[in-house]
1. With 134, 200, 116, 171 as the choices, which residue is within 25 Å of residue 66 (Cβ to Cβ) and either among the aromatic types (Phe, Trp, Tyr) or in contact with a Pro (Cβ under 9 Å, 6 or more places away or on another chain) (or both)?
2. In this structure, is residue 147 among the β-branched types (Val, Ile, Thr), surrounded by 17 or more Cβ atoms within 10 Å (Cβ to Cβ) and in contact (Cβ under 8 Å) with a residue 12 or more places away in the chain?
3. Kindly provide the set of residues from segment 85-134 that are over 16 Å from residue 196 (Cα atoms) and of a type in the set (Val, Ile, Thr), ordered by number.
4. With the condition kept exactly as written, say whether any residue in segment 136-147 is more than 24 Å from residue 118 (Cα to Cα) and touching a helix residue (DSSP H, G or I) at 6+ places or on another chain (Cβ under 7 Å).
5. Inside segment 74-123, can you point out the residues that are over 16 Å from residue 184 (Cβ atoms) and of a type in the set (Ser, Thr, Tyr)?
6. Starting from residues that are at pLDDT below 90 and either in contact with an Asp or Glu (Cβ under 6 Å, 6 or more places away or on another chain) or of a type in the set (S, T, N, Q) (or both), keep the ones in segment 184-205 and report whichever is surrounded by the most Cβ atoms within 10 Å (Cβ to Cβ).
7. If you take the residues in segment 156-170 that are surrounded by fewer than 17 Cβ atoms within 10 Å (Cβ to Cβ) and at pLDDT 90 or above, which one is nearest to residue 115 (Cα to Cα)?
8. Identify, from the list 63, 81, 99, the residue that is among the aliphatic types (A, V, I, L, M) and under 13 Å from the mean Cα position of the chain (by Cα).
Amino acid sequence: MNKKKVMSSIFYGVVLLIGMSSFLWADENPGTLVMETIDRGLAVLKDPSLKGAEKSQERKQRLWKEISPIFNFEEMSKRALGQHWKKRSPEEKKEFVDLFANILKDAYIGKTDTYSGEKIVFVKDKQDDKDYASVQTKIITNTGAVILVEYRMLSNAGKWQIYDVIIEGVSLVNNYRSQFNTILMKSSYKELVQKIKEKSGKETT
């Protein structure tokens with residue numbers, strides 16, 4: 001599976017969860033939560049008032065506002081930075097969490113214009129214990145291709161949030177951890193942060 005396909009697949013997988021924030025805190029199993037909110041999520045993309053190039057920024061802002069509560073960005077950041085996380089100061093950790101959230105925003109919200117009616121089908125869910133669960137779904141594209149998407153979820157005080165997305169066996173968090181480790185093998189942490197800031201700045205201009 002090439003990088004472009006992984007990126008697009010992660011976007012479609014994330015899109016189905018748009019609007020989920022109002023349901024995430026309910027006392028239901030994660031699979032039910034996902035399936036109950038698919039229609040709400042897709043409704044954002046189908047909203048006639050948000051169609052067109054002139055509505056692009058408004059649509060992206062609306063999507064991000066809806067999506068961001070779904071993710072546990074601190075947990076994702078901690079796992080993505082791996083062994084380097086514990087070496088960071090509280091201030092550095094907070095900064096990195098904000099940067100990582102922006103990475104996801106820039107990478108995936110920017111693809112909203114590519115949505116064209118893909119179907120999402122529930123496969124199964126599994127709750128390993130009271131704190132961890134996974135929800136397996138599949139995306140059926142307009143060409144008939146099937147893409148498997150799994151959401152790894154963590155319950156924090158009864159609030160279910162996503163800490164990783166697995167696309168066709170490829171972990172979003174592990175993918176970023178590999179990229180970060182490659183940079184940190186040759187550069188300092190400060191240089192990694194600078195590279196992230198520069199990349200984010202280019203993508204948002």
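1. 134 is the lone residue from the list that is within 25 Å of residue 66 (Cβ to Cβ) and either among the aromatic types (Phe, Trp, Tyr) or in contact with a Pro (Cβ under 9 Å, 6 or more places away or on another chain) (or both).
2. yes
3. Passing the criteria: 109, 112, 114, 120, 121, 123.
4. no
5. Hits for segment 74-123 are 89, 108, 112, 114, 115, 116.
6. 200
7. 168
8. Criteria check complete, one pass: 63.
The values are calculated or read from the model by the stated rules, or taken from the named source; none is laboratory data. Just so it is clear, the structure is predicted and the values come from calculations on it, not from any experiment. Heads up, the Cβs are rebuilt from the backbone with ideal geometry, glycines too, and the neighbour counts pull from every protein chain shown.
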